[in-house]
1. In region A:680-710, which residue that is of a type in the set (K, R) and over 17 Å from A:S872 (Cα atoms) is nearest to the other protein chains (Cβ to nearest Cβ)?
2. Determine, yes or no, whether A:L262 is modelled with pLDDT of 95 or more and within 14 Å of chain B (Cβ to nearest Cβ).
3. Going by the conditions given, is A:N82 assigned by TED's automatic domain parsing to the domain that holds A:S104, at positive phi and not in a loop (DSSP other than H, G, I, E, B)?
4. Could you check region C:86-103 and list, in sequence order, the residues that are part of a loop (DSSP other than H, G, I, E, B) and either in contact (Cβ under 8 Å) with a residue 24 or more places away in the chain or in contact with a Ser or Thr (Cβ under 9 Å, 6 or more places away or on another chain) (or both)?
5. Out of the residues in region B:80-101 that are buried (at least 17 other Cβ atoms within 10 Å of the Cβ) and in contact (Cβ under 8 Å) with a residue 60 or more places away in the chain, which is farthest from the other protein chains (Cβ to nearest Cβ)?
6. Out of region A:873-900, which residues are more than 30 Å from A:L940 (Cβ to Cβ) and of a type in the set (F, W, Y)?
7. Among the residues of region A:617-634, which ones are hydrophobic (A, V, I, L, M, F, W, C) and out of contact with any helix residue (DSSP H, G or I) (no Cβ under 8 Å at 6 or more places or on another chain)?
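The values are calculated or read from the model by the stated rules, or taken from the named source; none is laboratory data. Only a predicted model underlies this, so the values are computations on that prediction, with no experimental measurement involved. Ideal geometry is used to build each Cβ from the backbone, glycine not excepted, and the neighbour counts take in all protein chains shown.
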Amino acid sequence: MSTRLATGGRLIDRNKPLGFSFNGKRMTGYAGDTLASALLANGQMLVGRSFKYHRPRGIVARGAEEPNALANFGESAAFEPNQRMTTTPLTEGAVIASQNHWPSLEFDIGAINARMARFLPAGFYYKTFNWPRGFWKHIYEPFIRRSAGLGKAPKERDEDRYEHLYAFCDVLVIGGGIAGLVAAKAAGDSGQRVILIEQTGSWGGRAAVDGGQIDGIEVMQWIKETLQELEKNKNITIRPNTMGAGIYDHGYTLAYEQTHDLNAPRHRLWRIRAAKIITATGAIERPLSFANNDLPGVMLASAVRDYLADCGVSAGDRTVIVTNNDDAYRTAVALKEGGLEVPAILDARPDPLGQLVEKARDLGIRVEAGRGVASVTGKGRVQGVDVCLHAGEGAVLETIPCEAVAMSGGWSPVVHLWSHCRGKLIWDEEQAHFRPDPSRPPINHDGQGFVITAGSASGALQTNDVLADAHRAASGAGTPPVSDAISEGPIMPVWVMPQGAGIEKRAKMFLDYQNDVKVSDVQLAAQEGYESVEHAKRYTTLGMATDQGKLSNINGLAVLSDALHQPIPDTGTTTFRPPYTPISMASIAGDARGELFQPLRRTPLHDWHEDNGAHWEPVGQWRRPYAFVRTGESVDQAVAREVTATRTSLGLLDASTLGKIIVKGPDAGKFLDMMYTNMMSNLAVGKCRYGLMCSENGFLIDDGVVARMSEDTWLCHTTTGGADHIHGHMEEWLQTEWWDWKVYTANVTEQWAQIGIVGPNARKVLEKIGGIDVSAETLPFMTWAEGKLGGIPVRAFRISFSGELSYEIAVAANQGRALWDMLHAAGDEHGATSYGTEALHIMRAEKGFIMIGDETDGTVIPQDLGLDWAISKKKDDYLGKRAQARSHMTDRNRWKLVGLETLDGSVLPDGAYAVADGENANGQRKTQGRVTSTYQSPTLGRGIAMGLVSNGPDRMGDVLNFPDTDGKPHEARIVSPVFYDPDGEKQNV
Amino acid sequence: MSEPVSALNGASFGGYCDVTEIGLRGMVTLRGDLSAAAFKKVIEAETGLTVPGQRKIVHGKVVSLAWMSPDELLLLVSYRDAAATAARLADSLNHQHAMAVDVSDARASFRIEGSACREVLAKLAPVDLYPEAFGHGDIRRTRLAQVAGAIWMPDEASFEVVCFRSVARYVFDLLSEAARHGGQVGYPVET
Amino acid sequence: MLLITCPNCGVAAEETELHAGGEAHITRFGPEASENDFEDYLFRRENPRGVHFERWRHANGCGKWFHAARCTATLEVFGTYSAQTTEPPREILETIRAKRPAWTWRDLK
């Protein structure tokens, strides 16, 4: 059983015990532990069940590559599933629960899948659940969904905060091992601005565990001194607990910082733009594929060594080492020197000779050359290994009892970050791994490589090579540091152990622990024709789990290559995609949650609306009152009241959101004649004109009233959503097509609060406040004037979107509220009623006025809407003119605007289609029109609607059927779209 | 006559940096040929300042003048003077193709004060705010999280931020959240 | 995420400050245009795997449009230049010729 030793553990603080619980059981660890080391210290080797077969699984690794040890971590608002125990620091009171089992970790019903393993081969889902067809929806999918997924979803709102940070540097160094330290120092010494990040909380990487000397001093001391020098350099920013998550185009990098500080944002996503990126990301040890290599207690040799050195934790009293290289001997030596037993080193190589081998032999450790593991034995955890000849078929030579197996299949450089942005790899035959090809790096905006690897990430596995490579990567001055590391003997590639293992064994050799992919599955995929590595990956799910195959990729594609009888480089690798390890969704959102989820635009009158029962409607990012609901009133009742009050006396509207763009210059008139379908250059100063804007496709994109301010200046009103868009549209044409025209524009939308004063008593209330002459004679319909109202400077526009006598008063935004209050006070005697967007829409629909976005949808031209009167016949050109002459645009059967009146006075369903006889090519009922706006009119006491109907204006009086989504018919007659005051007598008084 | 009220009426927040809405502030957008002697002459006569170069802002005793784009300047004056200044400039520029518009009410302004002010902005804007890349005299139009804004440093230990009035609350909340105690990063270096 | 230098304000802007505006150097055809010319103008676009000329706007910045010469495959940016021109400037064409001898785009090469 794993346990905590009485001494040792360079990272833990034995004076700071921390209590925690695992599946409800109380345990104790120390500050400096990870969840994994703390569990091992408490003898908890079983930490979860595998995804598919529910096999018992233990901790395999020490860091980010861990495939098994995922936990539900924390409680209530701080709950998070799928936390990797090997990278999560232990905290006081931590609540940890294992995943993917029922009813308990020790006794799990799903484990029956393991006995069914031969019925669940690669591609099982594809093969099995395709038939019978009807079973998918009701039987297979619910079953698969229930058994899918590992952790539980959080139920409560996450109360932590998260943020982004934009950072810029000349050199970003990713990885704080000795390679990263050397590279950061060299880059910093040359005066460059450097950021150095390390995913764990400690520095020095593997060297800190493996010891030795650098430049004549103990490595730990060297790491400490180097860090101090880096900290002294003002140009170097150093961040531990920050993982290089992804490298993207043009030097953009995401780094994921976990602050482990309750007062700080929990995660911080660094958005770094670096001219050069040095990835000193190290290497990951590969497992060996032998039968039952997934039993709890089988661990990577380096992890066994790390837990011992870092945390004073032993994986077991007796550990058998299985290896194909010299590095694993370090584990044997460390265990032996720590007072633990190493019954044997099983070395697949026939003739291991290196200095480390000699050292192990000198310590009295039994070294068995040419041997391998036939099978690991034990129920639920390691109890022994069956030893065999590696070159044979697995006949058992002896059984060695033990509690742990430390395996090493060699080391693979962490090439993920190099590969994210298309850095290429080459196969290194000698070291049996893929490593970055320095001649084919990721390319930046200048066409230069911008990622350089350093140390083991380059494939330099010996300490002196690591130091020299890192020094070179940072173009360091002088000579690189030198270590006293001894040289190692060559590795012998081992992909399946023993070489001649039969199917019984291969079906128990796990490649991908998290997704339960075995050697036999990959071989089956090859046999069934999945020859591309990308296809085999998806068919078997190899490398598709949350660990993204950090341990399984190379072993998997070596097995695939063998099955396809081709060299490994011909098989190639799958694509490496960010993030390197999963990052929290919350860190991606950053501050964009709650109130800051998206910008909410407020008018100067927003607070008044809020205080007066506004039922809000989002219009783009604006919030506009849909209606002002009074106590005891429904929203519909409020809307009806607002319409009636406005039609009969006085309504007030916050129209501040309407876009306002100034267009000025000697060529402004000519320019507006191109922008609008009608003529704007001949508009007289002081006058207003309704205008339509089209795209070059001919489609109507915006409308609004244009006022001529002076000889060379016009003010263009746009729709609420259109201000920025239309301003951009104007600037685009001015900057990219007619750049020689003398025109300046300015978007002054927010400079002005704009208030609609609408209804038969509109003039009376303005005259009562006084200051500007708003009489019919001085300010007739479609004119504007400047002046003061109650002492406040204003512009008064005599325009109407309701059909009533109406003024729109523009006032500087900072005085908008003052004018609004003044209007309410003065209008009180007329029952001044604020109205919202729905009343606005109803009143315009009663008048047959179109609304951009209701009557238009990006495929509608002004001619469809009966707006020919607003299209100049005199002009040679305007945007959209040519397109409107295309044959489809002039087709007499186009859907055109009409009014629709239900036969029974009811309200037509919004968006409903008018059906026609027959079916189209897809067997669907033919249609001949659709409803674009539909309301209950309080003024007329019946439903009114507008719609687009094929050749509609020529079919007045026809009755169409608009079935609802439930098929219920709604019959409506085609009528004029102007339902109210067709002669405009009310607005023109 | 009523008193004008700025978007947030001078709201403030105390964190590891202090965030304050500056309140009423006069702003005039100027468009014209920035290289033309006639244009420069009018601007310099009105402001007493030299027309700033690309992405620069110059400060006088009362007014400041900022480069916004190759054909646009922003003149910062007192709120009371804005309308008259705009009218006066429009008049002086009458004989050339140019534009002067009062936009004082369209904007909200904030001040961020504290030795770590650079990092508060670095949390929101994709801009290199390292001292060698950005300092007093520079102005940058950029993005503050999800909205447009302009930033400059009136001195070495504070920033001023301008955004549209409608998103004043959003920007104030963003800045406050970024400046909250406990969130100090230590990058870019303190000033 | 792309990094493109706006020639109008000199900022090396990240993509989130920019707005892509499609293909550059398109000649407008108006009311008198033939059906074919008008179709080409509105709908026909280059779709190269390699050198391309594009329009961009520094939307969250100085607000101005500009042109960029960029490789759609490697994302290398050969240069950015004024929007007030109907063809790429000579220096940029020279840069592209030096780096991509075999390139073509419309009738440029």
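1. Going through the qualifying residues, I end up with A:R708.
2. Criteria not met by A:L262.
3. yes
4. Within region C:86-103, C:T86, C:E87, C:P88, C:P89, C:R100, C:W103 qualify.
5. If we take residues in region B:80-101 being buried (at least 17 other Cβ atoms within 10 Å of the Cβ) and in contact (Cβ under 8 Å) with a residue 60 or more places away in the chain, then B:L89 is farthest from the other protein chains (Cβ to nearest Cβ).
6. If the condition is that a residue be more than 30 Å from A:L940 (Cβ to Cβ) and of a type in the set (F, W, Y), then A:Y878 is the only one that fits.
7. Scanning region A:617-634 gives no hits.
One line per residue, one yes/no per condition, for (1) assigned to a strand (DSSP E or B); (2) within 43 Å of the chain's Cα centre (by Cα); (3) surrounded by fewer than 20 Cβ atoms within 10 Å (Cβ to Cβ):
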{"residue": "A:A627", "(1), (2), (3)": "yes, yes, no"}
{"residue": "A:T646", "(1), (2), (3)": "no, no, no"}
{"residue": "A:V663", "(1), (2), (3)": "yes, yes, no"}
{"residue": "A:D673", "(1), (2), (3)": "no, no, no"}
{"residue": "A:N678", "(1), (2), (3)": "no, no, no"}
{"residue": "A:V685", "(1), (2), (3)": "no, no, yes"}
